[in-house]
1. I need the full set of residues from the range 76-133 which are under 18 Å from residue 147 (Cβ atoms) and of a type in the set (Gly, Ala, Ser), in order please.
2. When both residues are 6+ apart or on different chains and their Cβ atoms are under 8 Å apart, which pairs have a first residue that lies in the range 24-37 and is surrounded by 11 or more Cβ atoms within 10 Å (Cβ to Cβ), and a second that is of a type outside the set (A, V, I, L, M, F, W, C)?
3. Could you tell me which residue of the range 113-137 is surrounded by the most Cβ atoms within 10 Å (Cβ to Cβ), considering only residues that are closer than 30 Å to residue 154 by Cα and touching a Leu at 6+ places or on another chain (Cβ under 9 Å)?
4. How about the range 64-91: which of its residues are closer than 24 Å to residue 154 by Cβ and either in contact with a Ser or Thr (Cβ under 9 Å, 6 or more places away or on another chain) or aliphatic (A, V, I, L, M) (or both)?
Amino acid sequence: MEKVYIREVNELHRAKKIEENLHLHEHELKDEYKRLLENFEEAIGQMRLITNVSDKIQKKLDKANAALDQKNQELDFKNKELQVTIDQLTQARAGKIATTIVLILAIILFLIEEVLLEPLIVDFVSTNQWVSIGIKLFLVLSLKPIESVMENVVLNYIYKRKLGLKSPEKI
């Protein structure tokens, strides 16, 4: 940038010398004054050009910044959408695992009820089938709350595991 103003600084020094040597003749003084004006006019033209170029660059920079801001907003929106989708997938995965566990538990409970409890119920209440049906109905109706609890347990386990993987100690 210093090179841009070397000529102007030289002309300034020259003008100061002229001012010190006012003993110049009138025609020499006019020539120096004319040269000084020409250089001053050229310097103003260069300053205008530099200012115009600077303004154009600034406008391009402003447009680029606006485009970057727009892209950042789009990325933020996409990241939020992605996080919602990941959360939904995680919840679906936890629900699937919980349903599988409850199904296995239902089979086990059914076998336990048929093999162990049914003979005891028949021995104690041989005339009333409703007790057996009531126990089976209770087991079936208790499966949904158990599934909800299992889903929450699995979700908590998955989130704790994700947090554990992100912690700096694990890296």
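1. 92, 94, 95, 98, 106
2. 24/32; 32/14; 36/11; 36/14
3. 113
4. Selection gives 82, 84, 86, 89.
Since every read-out is calculated from the coordinates, none of them should be taken as a lab result. Just so you know, these numbers come straight off a predicted model, no measurement behind them. Heads up, the Cβs are rebuilt from the backbone with ideal geometry, glycines too, and the neighbour counts pull from every protein chain shown.
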